[in-house]
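K.L.:
If you scroll down you'll find the structure; I have some questions about it.
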Amino acid sequence: MLDITWSWLTPVIKKARKETLSVGDLKLTKIDLETKTLATKFVQEYNTNPKKSLLKHFLKVHKKNIGGMFVGIAFLVLASCLAPLCISSFQEYLSPLNFFDCDFTNYPSSLVILKQKTVQQGLEYVFSTLYPYWIIIGLSLSLISVGDSICGLNCVQFGIKITGALLDVLFNKMTVLSETTKNVNAQGSLANILFSDTMKIQAFTQQFYYIFSIPMNLIVAIVYLATYIDPVALIGAGGLLIFIPIIGTCAKIMQNSLSRMATLQDIRSQSQNQMQDASSEPNLYLVMSISWLILLNLQILADFCYMEHLRSTSLIYFSN
């Protein structure tokens with residue numbers, strides 16, 4: 001079984017153009033990414049506690065991806081710890097007091113030593129002294145790349161599994177509906193779910209690991225500032241612990257408000273459809289009443305013509 005990638009599409013497209021495509025040319029995906037398997041796991045978890053939010057159900061079902069995401073976050077936090085420690089260890093070589101000042105009397109001893117050397121000797125001295133700095137910085141950059149890749153991979157798979165499970169459940173629900181409901185949903189709400197909602201879910205899951213990595217990086221920065229710069233920076237940690245619950249509460253309130261707005265919008269559209277259906281019935285009765293009046297007028301006109309015919313024939317008979 002192969003993952004969903006773009007590499008196998010090129011030969012398939014070429015064979016499709018030449019009309020030599022066969023069933024064996026289509027690569028199979030992983031069983032873990034099949035919509036039927038994803039929907040089954042989701043439904044089994046959802047039936048245990050329907051009152052829980054969908055995100056909590058998916059977090060419990062796909063623990064493997066969440067665990068892999070936290071492994072990537074650990075790499076990112078480790079990279080955040082290495083860089084400031086490295087810079088603090090070699091700060092005397094990296095940050096002169098004044099870039100435009102050529103007077104080295106007030107500079108550290110390392111820079112005074114550099115002044116007494118030639119350019120070639122100075123470069124040799126710098127690289128021989130700072131090679132641990134280059135190694136640690138390179139390791140930090142590598143950890144950032146690896147951590148981003150691991151987090152991105154697991155978050156993308158997490159989003160694919162969520163959308164795949166929801167769409168499979170949706171289509172299974174659609175099969176038990178009437179044909180009219182299928183057509184209406186296919187034109188309206190189903191198309192909306194297929195495009196806008198899946199795009200929103202995928203965009204959210206792709207950036208999901210930032211929710212955890214950014215606060216951890218802030219804590220690392222605050223601890224570094226408090227250790228090497230000024231202990232007053234620990235006040236920032238206390239402020240962070242205070243503001244994070246406030247931000248979470250505001251986000252929850254906003255989420256509830258948006259969900260209520262969406263519910264009101266659905267109720268409004270449903271009421272509008274009901275009003276349109278209700279207004280169509282009086283129109284139908286109006287058409288029926290008008291048709292009945294037209295038929296009545298035609299019947300009266302026919303009776304009048306018949307009476308006139310009888311009267312004219314009777315006058316002719318009596319005149320004879």
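The values are calculated or read from the model by the stated rules, or taken from the named source; none is laboratory data. Everything quoted here is computed from the prediction, not taken from an experiment. Quick reminder, even Gly has a Cβ in these numbers, built from the backbone with ideal geometry, and neighbours come from all protein chains shown.
K.L.:
If you take the residues of region 35-63 that are touching a residue at least 40 places away in the same chain (Cβ under 8 Å) and among the charged types (D, E, K, R), which of them is nearest to residue 142 (Cα to Cα)?
P.N.:
Step by step, filter region 35-63, then rank; the result is 41.
To keep it simple, each residue is scored yes or no on (1) out of contact with any Ser or Thr (no Cβ under 7 Å at 6 or more places or on another chain); (2) at pLDDT below 80.
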{"site": "201", "(1), (2)": "no, no"}
{"site": "211", "(1), (2)": "yes, no"}
{"site": "220", "(1), (2)": "no, no"}
{"site": "227", "(1), (2)": "yes, yes"}
{"site": "239", "(1), (2)": "yes, yes"}
{"site": "247", "(1), (2)": "yes, yes"}
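K.L.:
If I filter region 64-103 down to residues being modelled with pLDDT of 80 or more and among the β-branched types (Val, Ile, Thr), which single residue comes out as farthest from residue 142 (Cα to Cα)? Let's see the steps before the verdict.
P.N.:
So in region 64-103, the residues modelled with pLDDT of 80 or more come out as 64-82.
Retained after the next criterion (residues that are among the β-branched types (Val, Ile, Thr)): 66, 71, 73, 77.
Values: 66: 22, 71: 15, 73: 14, 77: 13 Å.
Here the answer is 66.
K.L.:
If the requirement is being assigned by TED's automatic domain parsing to the domain that holds residue 39, modelled with pLDDT of 75 or more and either closer than 20 Å to residue 228 by Cα or out of contact with any Leu (no Cβ under 7 Å at 6 or more places or on another chain) (or both), which of these qualifies: 136, 160?
P.N.:
Matching residue, one of 136, 160: 136.
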